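Below: the structure, in structure tokens.
The values are calculated or read from the model by the stated rules, or taken from the named source; none is laboratory data. Please read all numbers here as calculations on a predicted model, not as lab measurements. All Cβ positions, even for glycine, are placed from backbone atoms using ideal geometry, and neighbour counts span all protein chains on display.
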Amino acid sequence: MDQAELDFQNALQAAINESRRIGYSPTGLMGMITSSGAFEAVRRLLDKHGVPSGFTELLLKGRLDLSVEAIVLKPEWRPNFSPQELDTARRRLAEVRYQAPWDDGGTFASANTAKLERGNASSTAGPSKPAEATPIVLPPIPDAEALITRIHSLAGLPERNHEDVVKELLLRLGFDASEIVFQKGRIDLCVLTQDRKTAAVFEVKRTIAVESERAGARRQGMDYASQTGALIIVVTDGDRFEIYDRRKGHDYDAMLCGSFRLTALHDTDAKTLDLLRPDYLRSVRT
């Protein structure tokens, strides 16, 4: 092992030690370092199809700075990785709206990232506007700051905490507690009509920022909607929300009514948030 790889292994070990301190032990990475060496272990993770489980765990704990994706973007380690590997690292981080503070090699330059950024605002005619034209605003609900503070505290907490935040949002939007039901069969949360029919099912995950988690939640939500006859499916982690209407088509893209993120809400997202208000959901089945 040459000095560069030894130094890189030490950097990874420091991240591993900090990960353990916050409650996550990256045993897979440790085993790969032992069997293949530090550089090759990270290259394999960057070549992996989909998102590694360790990335998701660190995302949930709010510590993506400890991920191999962030570490390889440090100036001292970048020369040891190919442009394709560095692009993979940036893309994974960009997809969950994270940029390593030490990375000056690109600011969310991938096409996937541009698409994600556009997805949080309604499309408009004419030339695209700079970010300042659609500032982030507080959700138009009572005591929004308290809810946002609670959402920020969710990282690393069990799924039920995320479900509680969803219920809190629905109450602030005007629902009565009797209309919100937890654990109806295997459904995480659902909203009932006045005649106790299921108006909407909510599939809640600890995160839907990772594509594999989002896709699984979407499938589950669609299954539960079919079982109950619900027309509206909401996929969420308590911060990010995607709303689907089964009447609009036969695939996810056609059914998607809109999406928003409460902690990064734009004023143009208000109409999508309105789809979760009682006046709309109560009327869906009529």
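Numbers for the structure displayed
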read-out	value
Tally, over the stretch 172-231, of residues that are part of a loop (DSSP other than H, G, I, E, B), charged (D, E, K, R) and more than 27 Å from Ala144 (Cα to Cα)	4
Failed item in (1) among the aliphatic types (A, V, I, L, M); (2) surrounded by 23 or more Cβ atoms within 10 Å (Cβ to Cβ); (3) modelled with pLDDT of 95 or more, with Val210 passing the rest	(3)
Hits in the stretch 38-76 (condition: of a type in the set (Asp, Glu) and surrounded by fewer than 20 Cβ atoms within 10 Å (Cβ to Cβ))	Glu40, Asp47, Asp65, Glu76
Residue in the stretch 213-228 that is among the aliphatic types (A, V, I, L, M), in contact with a Leu (Cβ under 9 Å, 6 or more places away or on another chain) and buried (at least 21 other Cβ atoms within 10 Å of the Cβ) present	yes
Residue that is nearest to Arg63 (Cα to Cα), among those in the stretch 80-94 that are buried (at least 19 other Cβ atoms within 10 Å of the Cβ) and in contact with a helix residue (DSSP H, G or I) (Cβ under 7 Å, 6 or more places away or on another chain)	Leu93
Members of the stretch 17-41 that are assigned to a helix (DSSP H, G or I) and touching a residue at least 40 places away in the same chain (Cβ under 8 Å)	Glu18, Ser19, Phe39
Qualifying residue in the stretch 234-253 (condition: touching a residue at least 40 places away in the same chain (Cβ under 8 Å), assigned to a strand (DSSP E or B) and among the β-branched types (Val, Ile, Thr))	yes
Among residues of the stretch 45-79, those that are within 13 Å of Leu93 (Cα to Cα) and either β-branched (Val, Ile, Thr) or not in a helix (DSSP H, G or I) (or both), counted	11
Hits in the stretch 240-253 (condition: among the acidic types (Asp, Glu) and crowded, with 22+ Cβ neighbours inside 10 Å)	Glu242
Enumeration of residues in the stretch 255-278 that are in a helix (DSSP H, G or I) and without any contact (Cβ under 8 Å) to a residue 24 or more places away in the chain	Met255, Asp274
Residues of the stretch 234-251 satisfying the condition of being of a type in the set (Asp, Glu) and either more than 15 Å from Val191 (Cα to Cα) or more than 21 Å from the chain's Cα centre (by Cα) (or both)	Asp237, Asp239, Glu242, Asp251
